[in-house]
1. From the set of residues in region 68-87 that are in contact with a helix residue (DSSP H, G or I) (Cβ under 7 Å, 6 or more places away or on another chain) and either under 22 Å from Glu149 (Cα atoms) or modelled with pLDDT of 95 or more (or both), which is surrounded by the most Cβ atoms within 10 Å (Cβ to Cβ)?
2. Would you pick out the residues in region 39-52 that are closer than 19 Å to Gly189 by Cβ, part of a loop (DSSP other than H, G, I, E, B) and out of contact with any Leu (no Cβ under 6 Å at 6 or more places or on another chain)?
3. What pairs come out if I take residues in region 62-76 that are within 17 Å of Glu105 (Cβ to Cβ) and pair them with residues that are crowded, with 22+ Cβ neighbours inside 10 Å and among the small types (Gly, Ala, Ser) whose C-beta lies under 8 Å away, six or more apart or interchain?
4. If I filter region 135-158 for residues that are closer than 17 Å to Thr173 by Cα, in contact with a Pro (Cβ under 9 Å, 6 or more places away or on another chain) and either assigned by TED's automatic domain parsing to the domain that holds Glu198 or touching a residue at least 24 places away in the same chain (Cβ under 8 Å) (or both), do I get at least one hit?
5. Could we say that Gly176 is part of a loop (DSSP other than H, G, I, E, B), closer than 23 Å to Asn73 by Cβ and of a type outside the set (Val, Ile, Thr) here?
6. Go over the candidates Arg158, Arg102 one by one and state the one that is surrounded by 21 or more Cβ atoms within 10 Å (Cβ to Cβ), out of contact with any Phe, Trp or Tyr (no Cβ under 8 Å at 6 or more places or on another chain), under 23 Å from Arg203 (Cβ atoms) and among the charged types (D, E, K, R).
7. Which of the residues spanning region 120-155 are touching a Ser or Thr at 6+ places or on another chain (Cβ under 9 Å), surrounded by fewer than 14 Cβ atoms within 10 Å (Cβ to Cβ) and outside any loop (DSSP other than H, G, I, E, B)?
Amino acid sequence: MRWMAIVAMACVLAATAWAGEEAKAPAGLSPEEAKEGFVSLFDGKTLEGWKGAVTGYAAEDGMLVCQEKGGGNLTTAKELGDMIFRFEFKFGPGGNNGVSIRGHEIQILDDYADKHKSLKPCQYHGSIYCKVPAKRGATKPPGEWNTEEIQVKGTQWRVTVNGQVIVDCDISTVAGLEAVAKRAKAPIGFMGHGCRVEFRNLRVKEL
């Protein structure tokens, strides 16, 4: 009986230690990603580390929320070069926002909205705005969470949404992106357009 009690106590201590390691992971960052070198960009409670249109966004229930009738350009205080940026997003019907990467927008959009049905191919979700069209159909309907990863390595940009690669191109070959291709670093940002869009689990790994 005594050895059973010792084993049980050992299991409890191990579980407690494991939970403690889990608790140490920053907001929106798994222990596995932390080991890989990812860091959290948002603490889930404040806009610390962000600058720009801070009144157009708010921390709500662990999310970074672009406010309805708010928005504007909210950027990280830190500039980043080659990187992998991961986040989750959810928009309502007609939602519209963008991710600023090296000063150029990668579109965030409710592609299913009637008001967006006549846009150019390069204006739909995931597109390098008005320059490189993304493959369509990767996003979930309004009200559902989506995952996105943007990888920038030199001039090679790749956008993955819900596990599907929708853009993979060398921007140095794209007319109109010459200046962007020469830019080595810039903040990451969100570009709100007066629609409520929710973000969570923002993390980045510098390459």
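1. First pass over region 68-87, keeping only residues in contact with a helix residue (DSSP H, G or I) (Cβ under 7 Å, 6 or more places away or on another chain): 70-72, 74.
Now drop any that are not either under 22 Å from Glu149 (Cα atoms) or modelled with pLDDT of 95 or more (or both), which leaves 71-72, 74.
On the way: Gly71: 22, Gly72: 18, Leu74: 24.
Ranking the qualifying residues of region 68-87, first place goes to Leu74.
2. Step one: filter region 39-52 for residues closer than 19 Å to Gly189 by Cβ, giving 39-44, 46-52.
Remaining after also requiring part of a loop (DSSP other than H, G, I, E, B): 41-44, 46-49.
The answer is Asp43, Gly44, Thr46, Leu47, Glu48, Gly49.
3. Here the result reads Cys66/Gly192; Gly71/Gly192; Gly72/Gly192; Asn73/Gly192; Leu74/Gly192, each pair linking region 62-76 to a residue that is crowded, with 22+ Cβ neighbours inside 10 Å and among the small types (Gly, Ala, Ser).
4. no
5. Numbers: part of a loop (DSSP other than H, G, I, E, B): yes; closer than 23 Å to Asn73 by Cβ: yes; of a type outside the set (Val, Ile, Thr): yes.
For Gly176, the condition - part of a loop (DSSP other than H, G, I, E, B), closer than 23 Å to Asn73 by Cβ and of a type outside the set (Val, Ile, Thr) - is met.
6. Numbers: Arg158 fails: surrounded by 21 or more Cβ atoms within 10 Å (Cβ to Cβ).
Exactly one of Arg158, Arg102 is surrounded by 21 or more Cβ atoms within 10 Å (Cβ to Cβ), out of contact with any Phe, Trp or Tyr (no Cβ under 8 Å at 6 or more places or on another chain), under 23 Å from Arg203 (Cβ atoms) and among the charged types (D, E, K, R), namely Arg102.
7. Of everything in region 120-155, just one residue is touching a Ser or Thr at 6+ places or on another chain (Cβ under 9 Å), surrounded by fewer than 14 Cβ atoms within 10 Å (Cβ to Cβ) and outside any loop (DSSP other than H, G, I, E, B), namely Pro121.
The values are calculated or read from the model by the stated rules, or taken from the named source; none is laboratory data. Predicted model, so just to flag it, every value in this text is computed and none were measured. Reconstructed Cβ throughout: ideal geometry from the backbone, glycine too, with neighbour counts over all protein chains shown.
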